[in-house]
Amino acid sequence: MSVLIKNGRIITASSDNVADIFIDGEQIKVIGENLDFEADTIIDASGLFVFPGGIDPHVHLDMPFMGTSSSDNYETGTRAALHGGTTMVIDFVLQKQGNSLQSALEEWRSRSDNNCVGDYSFHMAVTDFNENTKKEIQHMVEKEGISSFKTFMAYKGALMIDDRQMVGLMQEVKKQKGMVIVHATNGDMIDYLVAKHKAEGKLSPLYHYLSQPEVTESEASGRFADMANYTGCPGYIVHLTCEGALNAVRNATSRNQKVFVETCIQYLTLDSSLYEKDFEGAKWVMSPPLREKKDQETLWAGINQGLVEVVATDHCPFNWEQKLMGKNDFSKIPNGHPAIEHRMELLYSEGVGKGKISLNKYVEMSSTNAAKLFGMFPRKGTIAVGSDADIILFNPNAKHSISVDTHHMNVDYSAYEGWKLTGKVETVLLRGQVAIDNGECTVKKGYGKYIKRSKLTGIL
Ligand code: DUC
Ligand code: ZN
Ligand code: ZN
């Protein structure tokens, strides 16, 4: 199969020009002006932006969590991602405390393999670091293509590791040329506040928010950065939401240490006033919670200051019936919200469209930096000769709105119902195949490939 894309405005993290792209098989073969190769498919991209396929490095598909499972499986989740221009996701394998990393990987593969429509990879969440786990790290990096190790500083009893384990893990991961990534909130403090609010009979979703104040995140982010500095291990903070946590990173970078930051589209666009809607606020119960308007401003500024490298989603959808598990107790509401489909269009409309970020920054945040940080660049994350032909044709003027009635995620509400956007994904190619064509998905489950990632030798 060959494809010739004519006259598009090709935008990467560092360039912006009108040219043609010739694709043969899965890769980009030639980029240039007025190409006249014969091709099986010719696409006229005049007036359209041509972006690298989006990479969402933070999703949870078909994940057992809080007594239920996230409602998008690998098929529905990766298909919805493709509709929104995200051609690759990185999901999380969660080690069960007391068990091996390998057994968790096998369990996750039994759900993901042959079921994905778009490309995928895994981070490994280490929830029990001990002498046995330590021996598995090298195998994960060298044989399984997993070079990033997730840790939780919260969710005690199920996922959280203590600082002793964190430092041990960092030393081993540094040795194997990987990166430690973290859910950085102070679990003990949160557990105290949850128990206190419940004892006082404060049980609505608002108290989920009030149980995780900004300090719980800034303290843990600073502590994580200090441990990463001490061990010399590259660190990455997932879903950073607020000014205090970003300032902790700002301090760390003055020591010239490698600590990278991901925020998520919801923290840039939604705020904590949504928790005042009584139980409807459960739609946005996630951890960390939505923050204040001032935090949104800090995050947009952090993107432009180079302190925030990635905009992801932490996509972890639950149907309303599942959210109702916490009707009488906010601590039982499954944490997470649906966004995998809307990240690229929301970031464009709210970011580029409203003059907050440039087009090049948009590409960096939605694709290139994730590819670089997680060992996939330049195969993924850019438009270049030799790269996978993961490409979005984007109409910057198309107006549309978000609704549960039209989205493709397997969830019965939208967290962005009625939002009006300017800019729409029209066509998506994944490894040279047209995967989305005017709103129709044209590839089947099983087309999505597991992408093995490299050691992290030359990050950013
Ligand atoms: N936060 C969520 O909201 N959901 C999944 C896991 C997490 O850390
Ligand atoms: Zn998290
Ligand atoms: Zn998450």
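We did not get these values from a lab; they are worked out from the coordinates using the rules stated. Predicted model, so just to flag it, every value in this text is computed and none were measured. All Cβ positions, even for glycine, are placed from backbone atoms using ideal geometry, and neighbour counts span all protein chains on display.
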Practice prompt. Could you work out the Rg to Rh ratio of the stretch 263-346, with Rh taken as the Kirkwood radius (inverse of the mean 1/r over all Cα pairs)?
Written response: 1.00
Fill in: Linear extension gain, LYS444 paired with ASN304, 0.36 nm per residue minus alpha-carbon span
46.6 nm
Worksheet item: Using θ = phi - 60° and the Karplus form 6.51 cos²θ - 1.76 cosθ + 1.60, what ³J(HN,Hα) does each residue of the stretch 260-274 get, whole Hz, x for Gly and Pro?
Response: 9, 10, 10, 10, 10, 4, 5, 6, 8, 10, 10, 9, 5, 4, 5
Item to complete: Enumerate the amide H contacts of HIS58 below 5 Å, restricted to partners 5 or more residues apart or on another chain; note that Pro and chain-start residues carry no placed amide H.
Response: ILE90, THR313, ASP314
Worksheet item: Which net charge results for the neighbourhood of LEU159, defined as the other residues with beta-carbon distances under 11 angstrom from its beta-carbon, given Lys and Arg at +1 and Asp and Glu at -1?
Response: +2
Worksheet item: So what is the relative contact order for the chain, in percent, with contacts set as C-alpha pairs under 8 Å and at least six apart?
Response: 22
Worksheet, complete the sentence: Residues whose modelled amide H sits under 5 Å from the amide H of ASP20, counting only those 5 or more places away in sequence or on another chain, are ASN7, GLY32, GLU33, ASN34, LEU35
Response to the item:
Ranked output for segments 368-376, 268-276 by mean other Cβ atoms within 10 Å, highest leading, reads 368-376, 268-276
Item to complete: Could you tell me what percent of the DSSP beta bridges with both partners in the stretch 53-373 are antiparallel, to the nearest 5?
Response: 5
Worksheet item: Does anyone have the angle between helix 163-175 and the longest principal axis of the chain? Alpha-carbon axes, 0 to 90°, nearest 10?
Response: 30
Worksheet entry | For the stretch 322-460, average projected area of the Cα convex hull in nm² | 11.2
Worksheet item: Summing Lys, Arg as +1 and Asp, Glu as -1, what charge do residues with Cβ under 11 Å from the Cβ of PRO317 carry, PRO317 excluded?
Response: -3
Fill in: Diffusion constant of the stretch 51-129 at 37 °C, which comes from Stokes-Einstein with the Kirkwood Cα-pair radius and 0.692 mPa s, µm²/s
253
Worksheet item: What's the extension gain from VAL30 to SER14 if we count 0.36 nm per residue and subtract their Cα-Cα distance?
Response: 3.9 nm
Practice prompt. Grab the other residues whose beta carbon is less than 11 angstrom from that of THR382, score K and R as +1, D and E as -1, and report the net.
Written response: 0
Worksheet item: What length, rounded to one decimal in nm, is gained on full extension from HIS139 through to PHE37, with 0.36 nm per residue of separation minus their alpha-carbon distance?
Response: 32.3 nm
Worksheet item: Given q = 0.09, 0.11, 0.12, 0.14 Å⁻¹, what are the Debye log10 I(q)/I(0) values for the stretch 170-273, with equal point scatterers placed on the Cα positions and solvent ignored?
Response: -0.27, -0.39, -0.46, -0.60
Response to the item:
Scattering profile of the chain from the Debye formula, Cα beads only, expressed as log10 I(q)/I(0) at q = 0.08 Å⁻¹, is -0.42
Worksheet item: How many percent of all Cα-Cα pairs in the stretch 1-110 sit more than 21 Å apart?
Response: 54
Discussion item. Run the reach check for LYS29 against lysines, Cα to Cα strictly under 17 Å, same-chain hits fewer than 8 apart removed. What comes back?
Written reply: LYS6, LYS380
Worksheet item: Pairs LYS96/LYS150; LYS283/LYS424; LYS177/LYS361: which exceed 18 Å Cα-Cα?
Response: LYS283/LYS424; LYS177/LYS361
